[in-house]
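> This is the structure I have questions about; it appears just below.
The values are calculated or read from the model by the stated rules, or taken from the named source; none is laboratory data. Not measured: the values here are computed from a predicted model. Neighbour counts run over all protein chains shown; Cβ positions are idealised from the backbone, glycine included.
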Amino acid sequence: MAKLKTAAETDHQKAGIVIYKDLRGFLKQVDDLGVLRRMHGADPKFELGGITEVAAGTPECPALLFEQIKGCAPDVRVFTNATTTPQRAALALGIDPSLRPLDALKAWMKKRQTLTPHKPIEVAKSPFMENSMRGRDVDLTKLPAPYWHRKDGGPYIGSGSLVIMRDPDGGWINASIYRVQVHSGDRVTIQFDHPGRHGAIIAKKYWDSGKPCPVAVVNGEDPALFIAGFEYLPDGQSEFDFAGAIKGAPMEMFPGPLTGLPLPAHAEIILEGELLPDVTLPEGPFGEFTGYYAADARPAPVMQVSAVHHRDDPILLGSPPMKPPRFHFGLPFRAASMWSNLEMAGVTDVTGVWQHVAQLMTVVALKQRYAGHAKRAALIAAANSYMGRLVVVVDDDVDPSNLADVMWAVTTRCEPAEQIDIVRNAWSSALDPRIPDEYKRAGITSHSKAIIEAVRPFGWKDKFPPTSALTAAEAREINLKWGATISGRKAPAAKAKPARKRR
């Protein structure tokens with residue numbers, strides 16, 4: 001096992017990146033970057049979530065570790081804003097955190113295309129077995145479960161939790177992110193959002209055969225598993241294999257004492273139990289990533305929690321949806337997929353793709369080669385833009401990850417009467433707050449998309465007034481030389497020249 005790890009870590013070491021072992025290892029790396037803030041005495045009802053949202057809206061957007069939480073055992077902690085910046089998102093992916101955002105996304109695209117899955121390995125011991133409650137001793141009130149937003153329907157232990165289930169037919173393991181609301185000392189609900197989600201399909205297979213569905217909820221998984229849980233992987237493809245690919249090493253798993261499900265050995269808090277057939281409780285409402293409440297309370301399946309295991313001084317990973325532009329991950333994965341889609345479709349000279357406002361606005365940067373080049377890219381991006389109403393195309397001298405730069409292009413290069421088009425009846429979701437309830441009930445969840453060509457008109461682009469701004473390369477060169485002084489950081493000391501010997 002040690003040899004496997006050593007070999008797998010080689011690529012990260014070559015890149016100068018030391019990959020974390022677990023959530024605590026990642027937390028230490030964040031602390032070493034100087035962007036972790038420790039908060040003492042916060043109230044888990046509204047205040048903890050409020051602090052998280054306010055901090056996420058500041059320019060620094062620090063990660064937060066809540067300690068000595070009001071009304072909770074003194075040793076439990078909550079970690080929020082873990083991966084909300086490009087820097088920390090890159091760190092979670094094993095990518096150089098000093099890269100500028102667009103370069104980090106490009107590095108992830110390259111890494112994503114060459115990932116080698118690692119099958120998990122079983123270990124004989126697990127830190128999460130340091131403490132265990134079973135049967136009548138189970139008491140979820142001893143663990144932190146914040147009310148993240150003012151109008152939430154209850155406390156949520158699961159805002160960034162991994163739900164693990166085994167398909168009864170093929171035996172493959174699904175591990176996805178679903179929200180988990182606490183209803184009592186031994187009961188929670190798991191909201192699958194849609195009957196087509198893998199978790200809902202697996203649970204129904206058990207229920208249709210008259211059996212409860214074994215399930216485990218992982219609270220405090222490492223960032224690679226958190227990322228894998230959000231990925232849309234096909235049936236039968238393992239999130240554990242994908243997380244191992246990100247880390248360059250197999251995930252260590254420990255069999256659940258009650259369910260037998262494979263559980264991440266270095267996770268912080270584990271709930272084991274069963275999803276009961278024909279038993280529901282009203283779940284929600286819960287603030288969504290759009291910054292609105294999408295629905296009132298609705299029935300959700302109930303998990304009877306039969307065991308709770310946790311490490312000493314356990315850490316809950318909290319990732320509540322927040323009002324945009326705050327988002328749970330600082331690099332837009334869907335933008336990376338869209339970038340790849342554009343290249344596969346033969347759209348040349350794409351220099352960057354980014355998404356803003358919680359991925360609801362897509363920006364494509366390219367070097368125009370022919371008339372209609374920008375429109376072609378925009379139409380492909382619009383077709384793949386889930387819920388987004390705005391697609392903007394900019395020239396290659398504009399950084400698509402910088403919203404101020406994008407708006408400069410929109411306000412100086414786009415003639416609205418000539419360079420804005422509307423695509424109707426396009427892809428959206430029931431989470432869209434602009435779609436009327438009666439439409440949603442009828443299954444109509446489409447909307448229009450605006451395509452904005454904020455590019456120099458191709459017919460006379462060479463005569464367009466030249467920009468006075470630095471090029472990206474010039475700005476990068478100055479930042480390398482003077483960035484530490486500009487930001488107030490201490491620049492590395494220059495090596496002293498050796499004294500000349502007197503003759």
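> Mind listing whichever residues of segment 358-389 are on the phi > 0 side of the Ramachandran plot and either at pLDDT below 95 or in contact with a Lys or Arg (Cβ under 8 Å, 6 or more places away or on another chain) (or both)?
Within segment 358-389, the subset on the phi > 0 side of the Ramachandran plot is 358-359, 372, 387.
Across segment 358-389, the qualifying residues are 358, 359, 387.
> Just to verify a result, which residue in segment 54-69, among those that are out of contact with any helix residue (DSSP H, G or I) (no Cβ under 8 Å at 6 or more places or on another chain) and within 20 Å of residue 219 (Cα to Cα), is surrounded by the most Cβ atoms within 10 Å (Cβ to Cβ)?
Pass one, segment 54-69, residues out of contact with any helix residue (DSSP H, G or I) (no Cβ under 8 Å at 6 or more places or on another chain): 54-60, 67-68.
If we keep only those that are within 20 Å of residue 219 (Cα to Cα) too, we end up with 67-68.
On the way: 67: 17, 68: 15.
Checking each candidate, the answer is 67.
> Pick from 239, 272: which is touching a helix residue (DSSP H, G or I) at 6+ places or on another chain (Cβ under 6 Å), surrounded by 20 or more Cβ atoms within 10 Å (Cβ to Cβ) and either among the β-branched types (Val, Ile, Thr) or under 22 Å from residue 170 (Cα atoms) (or both)?
Just a single option satisfies the conditions, and that option is 239.
> Now for a different question. If you go through segment 257-298 one residue at a time, how many are modelled with pLDDT of 95 or more and not in a loop (DSSP other than H, G, I, E, B)?
Summing the residues that are modelled with pLDDT of 95 or more and not in a loop (DSSP other than H, G, I, E, B) in segment 257-298 gives 17.
> Select from segment 147-172 the residues that are touching a Phe, Trp or Tyr at 6+ places or on another chain (Cβ under 7 Å) and more than 13 Å from residue 284 (Cβ to Cβ) and write down the one among them that is modelled with the lowest pLDDT.
160
> Kindly indicate which of 491, 484 is at pLDDT below 90 and either touching a Ser or Thr at 6+ places or on another chain (Cβ under 9 Å) or closer than 28 Å to residue 392 by Cα (or both).
So the residue among 491, 484 that is at pLDDT below 90 and either touching a Ser or Thr at 6+ places or on another chain (Cβ under 9 Å) or closer than 28 Å to residue 392 by Cα (or both) is 491.
> How many of the residues making up segment 108-131 are part of a helix (DSSP H, G or I) and either hydroxyl-bearing (Ser, Thr, Tyr) or at pLDDT below 95 (or both)?
Residues flagged as part of a helix (DSSP H, G or I) and either hydroxyl-bearing (Ser, Thr, Tyr) or at pLDDT below 95 (or both) within segment 108-131 amount to 6.
> Please specify each residue of segment 145-180 satisfying the condition of being closer than 17 Å to residue 76 by Cβ and in contact with a Gly (Cβ under 8 Å, 6 or more places away or on another chain).
Within segment 145-180, 146, 147, 148, 159, 160, 180 meet the criteria.
> Restricting to segment 239-291, what's the tally of residues that are closer than 15 Å to residue 163 by Cβ and β-branched (Val, Ile, Thr)?
Of the residues in that region, 3 qualify.
> Can you list the helices (runs of 4 or more DSSP H) lying wholly within segment 363-448 that have 1 or more residues being within 18 Å of residue 469 (Cβ to Cβ)?
Correct list: 403-413.
> Restricting to segment 53-101, name every residue that is not aliphatic (A, V, I, L, M) and not in a loop (DSSP other than H, G, I, E, B). Explain how you work it out, then say what you get.
Of segment 53-101, the ones not aliphatic (A, V, I, L, M) are 53, 57-62, 66-68, 70-72, 74-75, 77, 79-81, 83-88, 94, 96-98, 100-101.
53, 66, 67, 77, 79, 80, 86, 87, 88, 101 - these are the residues of segment 53-101 that are not aliphatic (A, V, I, L, M) and not in a loop (DSSP other than H, G, I, E, B).
> Given 223, 234, 195, which one is farther than 23 Å from residue 89 by Cα and touching a helix residue (DSSP H, G or I) at 6+ places or on another chain (Cβ under 8 Å)? Walk me through it before giving the result.
Numbers: 223 fails: farther than 23 Å from residue 89 by Cα; 234 fails: touching a helix residue (DSSP H, G or I) at 6+ places or on another chain (Cβ under 8 Å).
None of the others qualify; the one that does is 195.
> Quick one: is residue 372 more than 30 Å from residue 162 (Cα to Cα), surrounded by fewer than 16 Cβ atoms within 10 Å (Cβ to Cβ) and in contact with a Phe, Trp or Tyr (Cβ under 9 Å, 6 or more places away or on another chain)? Step through it out loud before you land on a result.
Details: more than 30 Å from residue 162 (Cα to Cα): yes; surrounded by fewer than 16 Cβ atoms within 10 Å (Cβ to Cβ): yes; in contact with a Phe, Trp or Tyr (Cβ under 9 Å, 6 or more places away or on another chain): yes.
Considered against the rule, which asks whether it is more than 30 Å from residue 162 (Cα to Cα), surrounded by fewer than 16 Cβ atoms within 10 Å (Cβ to Cβ) and in contact with a Phe, Trp or Tyr (Cβ under 9 Å, 6 or more places away or on another chain), residue 372 comes out as yes.
> Now a separate question. Do we have residue 115 as touching a residue at least 12 places away in the same chain (Cβ under 8 Å), hydrophobic (A, V, I, L, M, F, W, C) and surrounded by fewer than 14 Cβ atoms within 10 Å (Cβ to Cβ) here?
yes
> Mind checking which residues of segment 395-412 are out of contact with any Lys or Arg (no Cβ under 7 Å at 6 or more places or on another chain), surrounded by 19 or more Cβ atoms within 10 Å (Cβ to Cβ) and either under 10 Å from residue 472 (Cβ atoms) or not hydrophobic (A, V, I, L, M, F, W, C) (or both)?
Once the filter is applied, which keeps residues that are out of contact with any Lys or Arg (no Cβ under 7 Å at 6 or more places or on another chain), surrounded by 19 or more Cβ atoms within 10 Å (Cβ to Cβ) and either under 10 Å from residue 472 (Cβ atoms) or not hydrophobic (A, V, I, L, M, F, W, C) (or both), segment 395-412 yields 398, 399, 400, 401.
> Kindly indicate which of 430, 473, 426, 442 is surrounded by fewer than 12 Cβ atoms within 10 Å (Cβ to Cβ), within 23 Å of residue 193 (Cα to Cα) and hydrophobic (A, V, I, L, M, F, W, C).
Of the residues listed, the single one that is surrounded by fewer than 12 Cβ atoms within 10 Å (Cβ to Cβ), within 23 Å of residue 193 (Cα to Cα) and hydrophobic (A, V, I, L, M, F, W, C) is 442.
> Could you grab the pairs with beta carbons closer than 6 Å, sequence gap of 6+ or different chains, first residue in segment 143-156 and over 12 Å from residue 179 (Cα atoms) and touching a residue at least 12 places away in the same chain (Cβ under 8 Å), second one among the charged types (D, E, K, R) and not in a loop (DSSP other than H, G, I, E, B)?
Close Cβ pairs satisfying both conditions: 147/45.
> What pairs can you find where one residue is in segment 336-358 and more than 16 Å from residue 393 (Cα to Cα), the other is modelled with pLDDT under 95 and small (Gly, Ala, Ser), and their Cβ atoms are less than 8 Å apart, with a gap of 6+ or different chains?
358/291
> Could you check, for segment 304-324, whether at least one of its residues is surrounded by fewer than 19 Cβ atoms within 10 Å (Cβ to Cβ), modelled with pLDDT under 95 and not in a loop (DSSP other than H, G, I, E, B)?
Among the residues of segment 304-324, not one is surrounded by fewer than 19 Cβ atoms within 10 Å (Cβ to Cβ), modelled with pLDDT under 95 and not in a loop (DSSP other than H, G, I, E, B), which makes the answer no.
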